[in-house]
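For reference, the structure discussed in these notes is given below.
Read the figures in this text as sums done on the coordinates, not as results from a lab. Not measured: the values here are computed from a predicted model. Here the Cβ positions follow ideal geometry from the backbone for every residue, glycine too, while neighbour counts run over all protein chains shown.
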Amino acid sequence: MKVLVLFYSTFGHVYRLAEAIADGAREVTGVDVVVKRVPETLPPDAIKAMGATEAQKALANVSIATVDDLADAGAIIFGTPTRFGNMAGQMRQFLDATGGLWAQGKLIGKVGSVFTSSATQHGGQESTILSFHTTLLHHGMVIVGLPYAFQGQTRLDEITGGSPYGTSTIAGGKGERMASENEIAAARFQGRHVAQIAKRLSS
């Protein structure tokens with residue numbers, strides 16, 4: 001049973017969570033985990049102006065997904081930065097190309113899950129994940145979040161991302177903050193949790 005971790009990342013924050021999600025999913029026996037990214041739509045000059053050139057170089061070894069990759073997976077865990085409370089345009093453009101899969105019902109019954117990042121603590125993490133769920137429901141996917149069995153999301157001793165809807169991290173206004181240990185633990189938990197449920201559904 002294959003789990004696809006599919007993400008878009010500008011400065012590497014979502015990529016770091018994607019790696020932890022994949023690590024968690026790999027803990028489940030009999031699960032094949034694949035990490036891929038959606039195509040970049042911004043020109044190099046725009047990436048440079050944003051100061052994201054070096055971060056983008058780190059993604060060079062991550063394979064770029066096609067829509068057919070979604071049909072081959074039993075579970076898909078999507079990662080996207082927040083853009084005004086919604087998914088990034090790169091992810092939206094990729095998903096808008098899945099009409100053929102929708103018409104054939106190729107994603108019906110597959111497990112779908114979402115994780116995200118935002119610049120600020122209240123920068124739209126929950127709305128990004130919840131609005132992302134709409135697309136998954138149109139495809140007939142079974143949505144899995146981050147249950148309170150992961151107790152790290154109730155911590156009050158530090159600023160942390162994470163909600164019942166999915167893992168999240170806070171990047172900072174200049175991208176200066178990388179995911180904390182608690183947020184990485186949340187990502188591993190979510191990856192493992194999704195893989196376990198997908199495995200049960202496939203048996």
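Per DSSP helix of 4 or more residues, -39500 (n - 2.57); summed, then divided by the residues of the chain. What does that give at 222 nm, rounded to the nearest 500?
-11500 deg cm²/dmol
Run through the DSSP bridge list for the chain and note the antiparallel percent, rounded to the nearest 5.
Around 10 percent antiparallel, to the nearest 5.
List the pair-distance distribution P(r) of segment 117-203, using every Cα-Cα distance, as the percent of pairs falling in each 10 Å bin from 0 up to the bin containing the longest distance, rounded to whole percents.
Pair shares across the bins are 17, 45, 30, 8, 0.
Here is the link list: 36/106; 110/174; 48/110; 2/106. Which ones come out longer than 26 Å on Cα distance?
110/174; 48/110
Using a/c under 1.5 as the rounded threshold, could you call segment 1-42 rounded, prolate or oblate? The axes a ≥ b ≥ c are square roots of the C-alpha gyration tensor eigenvalues, and prolate needs a/b larger than b/c, oblate otherwise.
oblate
Which residues does the label zone of residue 54 cover in segment 163-203, counting backbone N under 17 Å from a point 7 Å along Cα→Cβ?
Residues 172-179 fall inside that zone.
For segment 54-68, just list the computed ³J(HN,Hα) in residue order, Karplus coefficients 6.51, -1.76 and 1.60, θ = phi - 60°, integers in Hz, with x standing in for Gly and Pro.
5, 5, 5, 4, 5, 8, 4, 8, 8, 5, 8, 7, 10, 5, 5
If I compute semi-axes √(5λ) of the Cα gyration tensor in Å from the structure I just sent, which labelled value in [x] 27, 25, 14; [y] 41, 24, 16; [z] 24, 21, 15 lines up?
Given [x] 27, 25, 14; [y] 41, 24, 16; [z] 24, 21, 15, the structure-derived one carries the label [z].
Working out 0.36 nm times the residue gap between residue 131 and residue 155, then minus their Cα-Cα distance, what length gain in nm do you get to one decimal?
Full-extension gain reported as 6.1 nm.
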